[in-house]
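The values are calculated or read from the model by the stated rules, or taken from the named source; none is laboratory data. Note that the structure is a prediction, hence the values are computed from the model and not measured. Note that each Cβ is placed from the backbone with ideal geometry, even for glycine, and that neighbours are counted across all protein chains shown. Areas reflect the complete protein model, heavy atoms only, side chains present, ligands, DNA and RNA absent. Shrake-Rupley method; radii C 1.70, N 1.55, O 1.52, S 1.80 Å.
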Amino acid sequence: LSRKHIRAPSEGVITERRVANGEPVGGEGQKKVLYVISDLSSVWVELSVPASELNEIRQGLSVLAYSGTTRLKGAVVFVNPNLDQATRSAHVIAKFPNHKFLLRSGAFLTAQIIIKETKVDVVIPQTAVQKIEGENVVFVRNPLGFEKREVVIGAKDSKNIEIVFGLEVGEKIAVTNSFTLKADLGKTEAGHAH
């Protein structure tokens with residue numbers, strides 16, 4: 001028995017060992033692959049996109065995903081033209097750099113494909129905007145608590161909304177539980193009406 005040096009054909013991490021110590025390899029009926037090596041410095045992520053949104057998706061679009069609190073940025077590299085008959089969605093492949101090895105094979109994640117990016121001055125969470133008497137309002141912090149302020153809204157996505165007018169950069173607002181402030185305002189106004 002002599003020691004053999006096995007040279008890997010590429011860089012990577014051994015992710016699977018297919019033979020045991022002393023097991024013959026390479027001959028007829030014997031295993032030919034000793035180890036599986038994966039290059040995890042970049043990974044391909046398979047995304048499922050509904051048919052209704054597929055016309056907007058193309059190669060090169062940015063893709064955002066989160067691993068815990070870390071934001072990862074990748075890009076669409078392939079859009080499958082065929083729909084899955086059961087789910088009526090298409091598979092889209094996005095490539096992410098994975099230098100910190102945050103993405104792992106077989107893991108699930110939620111990702112956003114960025115269709116269009118627009119630079120705006122003031123963006124707040126949609127949860128901060130309330131509708132009072134047909135007007136969009138936010139509750140702005142003042143020395144005594146919060147005051148109601150009418151705003152003009154612009155573009156929005158699934159979480160955030162642009163404020164075109166009525167709010168300055170840096171002003172502190174109620175982002176969560178603004179519906180409670182709306183309810184308290186309604187009680188106060190009802191009390192003044194009597």
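Couple of notes before you dig in:
- Contact order for region 97-161, expressed relative to its length and based on alpha carbon pairs under 8 Å spaced 6+ residues apart, stands at 24 percent.
- Stretch gain in nm, segment residue 70-residue 99, where the contour uses 0.36 nm per residue and the Cα spacing is subtracted: 9.2 nm
- Local electrostatic count at residue 115 - Lys and Arg +1, Asp and Glu -1, tallied over other residues with Cβ under 12 Å: -2
- Residue 78 accessible area, assembled protein chains, probe 1.4 Å, Å²: 90 Å²
- Accessible surface ranking that places the most exposed of 182, 4 first, with a 1.4 angstrom probe: 4, 182
- Nearest 10 degrees, 0 to 90: helix 178-193 Cα axis against the chain principal axis: 10 degrees
- Test item: Cα-centred dipole of the chain, Lys/Arg +1 and Asp/Glu -1 on Cβ, debye: 1000 debye
- Average Cα contact separation per residue, region 44-194, under 8 Å, 6 or more apart, as relative contact order %: 19 percent
- Choice from 181, 61, 109 showing the highest fluctuation, given a GNM over the chain with Cα pairs closer than 10 Å: 181
- Amide H to amide H distances under 5 Å link residue 35 with 18, where only residues 5 or more positions off or on other chains count and H is placed in the peptide plane.
- The residue list 47, 106, 153 was ranked by how far each Cα lies along the charge dipole of the chain toward its positive end, using unit charges on Cβ atoms, and 106 comes out on top.
- Amide H contacts of residue 114 (H built 1.01 Å from N, under 5 Å, at least 5 apart or other chain): 62, 63, 64
- Built amide H within the under 5 Å cut-off of residue 122, gap 5+: 163
- Choice from 11, 135, 56 showing the highest fluctuation, given a GNM over the chain with Cα pairs closer than 10 Å: 135
- Among the listed pairs 119/172; 156/182; 4/95, those whose Cα-Cα separation exceeds 29 Å are 4/95.
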